[in-house]
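**Q** Please see the structure below; I have some questions.
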Amino acid sequence: MNNASEPIWLLEPNIHYLNHGSFGATPIAVLNYQQSLRERMEREPVRFLTRELEGLLDEARSQLADFIGTDADDIAFIPNATVGVNTILRSLAFKPDDEILITDRTYNACRNAAEFVAHSTGAKIVVASVPFPLESSQQVVTAILEKVSPKTKLALLDHVTSPTASIFPIETLVKELARRGIDTLVDGAHAPGFVSLDLRSLDVTYYTGNCHKWLCAPKGAAFLYVRKDKQASIRPLAISHGSNSPRTDRSRFRLEFDWTGTDDPTAYLCVPEAIRVMGSLLPGGWSSLRERNRKLVLAARQILCKTLEVAIPCPDEMLGSMASVPLGTVPLSWESLQSKLLEEFKIEVPIVPLSDGSCLVRISAQFYNRLDQYQYLAEVLKRLLG
């Protein structure tokens with residue numbers, strides 16, 4: 001556990017920071033560790049990048065693999081989950097009239113990637129409409145499976161949706177889609193550290209997740225998981241030396257993804273330190289941290305819904321460390337509302353616009369947050385929204 005007198009984060013103390021979900025926040029101890037790695041690299045760049053890095057990546061990947069329940073050789077470090085989604089979509093061979101199944105909750109960047117691939121290959125995007133508010137997770141399953149057809153080649157699904165902060169029943173969905181012969185690419189941008197992951201039992205085809213959000217690693221750390229039987233066809237977005245390497249001691253997947261060109265790899269190497277630091281914040285480790293944050297966000301949602309006179313929009317079991325609350329149609333634009341909250345009230349929180357013209361407010365709960373911050377947000381919103 002940390003000394004209570006020592007700051008853990010660099011966050012500005014005058015800001016009510018209720019938006020951990022967007023980019024995370026990295027503990028000072030992890031940033032210091034990253035700086036030590038950068039200094040080590042700069043003292044002898046050739047030695048670090050050509051002689052030491054491979055072993056360091058192996059060790060970091062092994063510790064991440066233990067945390068997410070998979071084999072180290074089945075994952076690769078990448079800068080972010082959007083790169084992971086693009087990597088899979090642009091590696092697969094889509095034919096005209098193949099269908100890529102997504103939902104209307106798919107993260108915009110990933111939907112754009114799917115649209116790009118569909119446009120260039122002749123494939124078709126099929127969108128499943130997932131309701132919100134939700135009464136049960138079965139509504140998600142029903143909405144998605146109803147859109148499956150004999151032409152469905154791939155399903156791109158969020159594990160935790162960005163706009164509504166709902167945890168999709170991904171285990172059920174992966175299983176049901178596999179029974180229909182459909183591979184699934186899970187965008188788990190928020191999932192590592194947010195939910196307890198076990199990729200072996202999930203048995204998904206492709207999975208990508210960020211380490212800089214709820215794991216609190218430095219920005220630019222994420223992973224891509226590819227099931228062993230699919231690895232031969234998956235290539236990194238940047239083709240580099242691994243493509244024609246004569247080495248036989250490592251898989252082609254490993255050789256290609258571990259070096260795509262000169263970059264700063266220290267964010268990847270900090271992942272084990274982030275896992276250690278965040279796991280040391282409470283005596284019960286990661287499970288206690290997740291439960292603490294979840295209880296806080298449930299209580300915060302209750303305050304917001306009661307103050308704003310809004311019904312609870314989805315079951316408790318579909319929430320982790322984030323929650324979204326409907327605001328209806330707001331009297332000013334969502335951009336103006338979000339800016340006003342920050343500039344006048346020092347509240348950093350996202351206002352999410354929906355296609356029907358209404359908005360949501362999405363709150364996050366991390367170790368540095370307190371319940372009174374959400375009470376303050378509720379009172380300010382009530383005043384601004386009338």
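The values are calculated or read from the model by the stated rules, or taken from the named source; none is laboratory data. None of the values given here were measured: they were computed from a predicted structure. Methodologically, a virtual Cβ is constructed for each residue, glycine included, from the backbone with ideal geometry; neighbour enumeration extends over all protein chains shown. Note: areas computed on protein heavy atoms with side chains; ligands, DNA, RNA excluded. Shrake-Rupley method; radii C 1.70, N 1.55, O 1.52, S 1.80 Å.
**Q** Mind checking which pairs have a first residue in segment 42-58 that is surrounded by 15 or more Cβ atoms within 10 Å (Cβ to Cβ) and a second that is among the basic types (Lys, Arg), Cβ under 7 Å, 6 or more apart or different chains?
**A** Listed pairs, sorted by first residue: 48/40.
**Q** Further question on the same structure: Tell me, which residue of segment 115-138 that is open to solvent by less than 60 Å² (accessible area, probe 1.4 Å) and not in a loop (DSSP other than H, G, I, E, B) is farthest from residue 20 (Cα to Cα)? Even if it seems obvious, please write down each step before you answer.
**A** Residues of segment 115-138 that are open to solvent by less than 60 Å² (accessible area, probe 1.4 Å), as a first pass: 117-118, 121-123, 125-128, 130-132, 134, 136-137.
Restricting the remaining residues to those that are not in a loop (DSSP other than H, G, I, E, B) gives 117-118, 121, 125-128.
On the way: 117: 31, 118: 33, 121: 37, 125: 31, 126: 31, 127: 28, 128: 28 Å.
Residue satisfying both the conditions and the ranking: 121.
**Q** Condition first: aromatic (Phe, Trp, Tyr), under 22 Å from the mean Cα position of the chain (by Cα), closer than 23 Å to residue 264 by Cα and open to solvent by less than 10 Å² (accessible area, probe 1.4 Å). Can you find one or more residues in segment 202-210 that meet it? Quick ask: steps written out before the conclusion?
**A** First pass over segment 202-210, keeping only residues aromatic (Phe, Trp, Tyr): 206-207.
Subset that is under 22 Å from the mean Cα position of the chain (by Cα): 206-207.
Checking the rest, the ones that are also closer than 23 Å to residue 264 by Cα come to none.
No, there is no match, as no residue in segment 202-210 is aromatic (Phe, Trp, Tyr), under 22 Å from the mean Cα position of the chain (by Cα), closer than 23 Å to residue 264 by Cα and open to solvent by less than 10 Å² (accessible area, probe 1.4 Å).
**Q** Which ones in segment 328-356 are more than 19 Å from residue 105 (Cβ to Cβ) and touching a Phe, Trp or Tyr at 6+ places or on another chain (Cβ under 6 Å)?
**A** Within segment 328-356, 348 is the sole residue that qualifies.
**Q** Can you spot a residue in segment 220-241 that is open to solvent by 20 Å² or more (accessible area, probe 1.4 Å), more than 21 Å from residue 88 (Cβ to Cβ) and in a loop (DSSP other than H, G, I, E, B)? Let's see the steps before the verdict.
**A** Taking segment 220-241 and keeping what is open to solvent by 20 Å² or more (accessible area, probe 1.4 Å), we get 220, 227-233, 235, 237-241.
From what's left, more than 21 Å from residue 88 (Cβ to Cβ): 241.
Going one step further and asking which of them are in a loop (DSSP other than H, G, I, E, B), we end up with none.
No.
**Q** What number goes with the only condition from (1) crowded, with 21+ Cβ neighbours inside 10 Å; (2) in a loop (DSSP other than H, G, I, E, B) that residue 341 does not pass?
**A** The one condition residue 341 does not meet is (2).
**Q** Under 7 Å by Cβ, and 6 or more places apart or on different chains, what pairs join a residue from segment 318-337 that is within 23 Å of residue 135 (Cβ to Cβ) and open to solvent by 20 Å² or more (accessible area, probe 1.4 Å) with one that is β-branched (Val, Ile, Thr) and assigned to a strand (DSSP E or B)?
**A** Once the first residue is within 23 Å of residue 135 (Cβ to Cβ) and open to solvent by 20 Å² or more (accessible area, probe 1.4 Å) and sits in segment 318-337, its partners that are β-branched (Val, Ile, Thr) and assigned to a strand (DSSP E or B) give 327/361.
**Q** Residues that are closer than 30 Å to residue 205 by Cα: which helices (runs of 4 or more DSSP H) entirely in segment 1-77 hold 1 or more of them?
**A** Of the helices (runs of 4 or more DSSP H) lying wholly inside segment 1-77, those with at least 1 residues that are closer than 30 Å to residue 205 by Cα span 20-23, 53-68.
**Q** While we're on this one: Would you list the helices (runs of 4 or more DSSP H) that sit entirely within segment 244-291 and hold 1 or more residues that are under 23 Å from residue 224 (Cβ atoms) and touching a strand residue (DSSP E or B) at 6+ places or on another chain (Cβ under 6 Å)?
**A** Working: elements: 252-258, 266-269, 271-279.
Helices (runs of 4 or more DSSP H) meeting the threshold: 252-258, 266-269.
**Q** Given the criteria open to solvent by 40 Å² or more (accessible area, probe 1.4 Å), at pLDDT 95 or above and part of a loop (DSSP other than H, G, I, E, B), does residue 149 qualify? Write out each step before concluding.
**A** On the way: open to solvent by 40 Å² or more (accessible area, probe 1.4 Å): no; at pLDDT 95 or above: yes; part of a loop (DSSP other than H, G, I, E, B): yes.
Here the answer is no, as residue 149 does not meet what is asked.
**Q** Run down 33, 17 and say which single residue is of a type in the set (Phe, Trp, Tyr), open to solvent by 20 Å² or more (accessible area, probe 1.4 Å) and either free of Cβ contacts under 8 Å to residues at least 40 places away in the same chain or farther than 19 Å from residue 370 by Cα (or both). First the steps, then the outcome.
**A** Values: 17 fails: either free of Cβ contacts under 8 Å to residues at least 40 places away in the same chain or farther than 19 Å from residue 370 by Cα (or both).
Only one candidate qualifies: 33.
**Q** Among the residues that make up segment 359-366, is at least one of them among the polar types (S, T, N, Q), closer than 29 Å to residue 130 by Cβ, open to solvent by 70 Å² or more (accessible area, probe 1.4 Å) and touching a strand residue (DSSP E or B) at 6+ places or on another chain (Cβ under 9 Å)? Steps first, answer last, please.
**A** First, pick out the residues of segment 359-366 that are among the polar types (S, T, N, Q): 364, 366.
Checking which are closer than 29 Å to residue 130 by Cβ leaves us with 364, 366.
Checking which are open to solvent by 70 Å² or more (accessible area, probe 1.4 Å) leaves us with none.
Taking every residue of segment 359-366 in turn, none turns out to be among the polar types (S, T, N, Q), closer than 29 Å to residue 130 by Cβ, open to solvent by 70 Å² or more (accessible area, probe 1.4 Å) and touching a strand residue (DSSP E or B) at 6+ places or on another chain (Cβ under 9 Å).
**Q** Now a separate question. Condition test on residue 74, is it at pLDDT 95 or above, surrounded by 14 or more Cβ atoms within 10 Å (Cβ to Cβ), within 21 Å of the chain's Cα centre (by Cα) and over 24 Å from residue 290 (Cα atoms)?
**A** Yes; evaluated as a whole, the condition is true for this residue.
**Q** Still on this structure, please answer the following. Taking the condition closer than 25 Å to residue 288 by Cα, free of Cβ contacts under 8 Å to residues at least 60 places away in the same chain and open to solvent by 70 Å² or more (accessible area, probe 1.4 Å), does residue 372 pass? Spell out the reasoning first.
**A** Details: closer than 25 Å to residue 288 by Cα: yes; free of Cβ contacts under 8 Å to residues at least 60 places away in the same chain: yes; open to solvent by 70 Å² or more (accessible area, probe 1.4 Å): yes.
Considered against the rule, which asks whether it is closer than 25 Å to residue 288 by Cα, free of Cβ contacts under 8 Å to residues at least 60 places away in the same chain and open to solvent by 70 Å² or more (accessible area, probe 1.4 Å), residue 372 comes out as yes.
**Q** Can you find even one residue in segment 172-180 that is farther than 26 Å from residue 286 by Cβ and crowded, with 19+ Cβ neighbours inside 10 Å? First the steps, then the outcome.
**A** Going through segment 172-180, the residues farther than 26 Å from residue 286 by Cβ turn out to be 176-180.
Narrowing the set further to residues that are crowded, with 19+ Cβ neighbours inside 10 Å leaves 177.
Yes, segment 172-180 has at least one match.
**Q** Out of all the residues in segment 77-95, which are within 20 Å of residue 242 (Cβ to Cβ), open to solvent by less than 30 Å² (accessible area, probe 1.4 Å) and of a type in the set (Val, Ile, Thr)?
**A** 78, 87, 88 - these are the residues of segment 77-95 that are within 20 Å of residue 242 (Cβ to Cβ), open to solvent by less than 30 Å² (accessible area, probe 1.4 Å) and of a type in the set (Val, Ile, Thr).
**Q** Oh, and also: Scan segment 281-295 residue by residue and report those that are touching a residue at least 12 places away in the same chain (Cβ under 8 Å) and open to solvent by 20 Å² or more (accessible area, probe 1.4 Å). First the steps, then the outcome.
**A** Filtering segment 281-295 for residues touching a residue at least 12 places away in the same chain (Cβ under 8 Å) gives 281-283, 286-287, 289-290, 292-294.
Result: 282, 283, 286, 287, 290, 292, 294.
**Q** Being more than 18 Å from residue 217 (Cα to Cα) and either aliphatic (A, V, I, L, M) or not in a helix (DSSP H, G or I) (or both) is the filter here, so list the residues in segment 78-94 that pass it. Break it down into steps so the answer makes sense when it comes.
**A** Pass one, segment 78-94, residues more than 18 Å from residue 217 (Cα to Cα): 85-94.
Listed by number, the residues that qualify are 85, 88, 89, 92, 93, 94.
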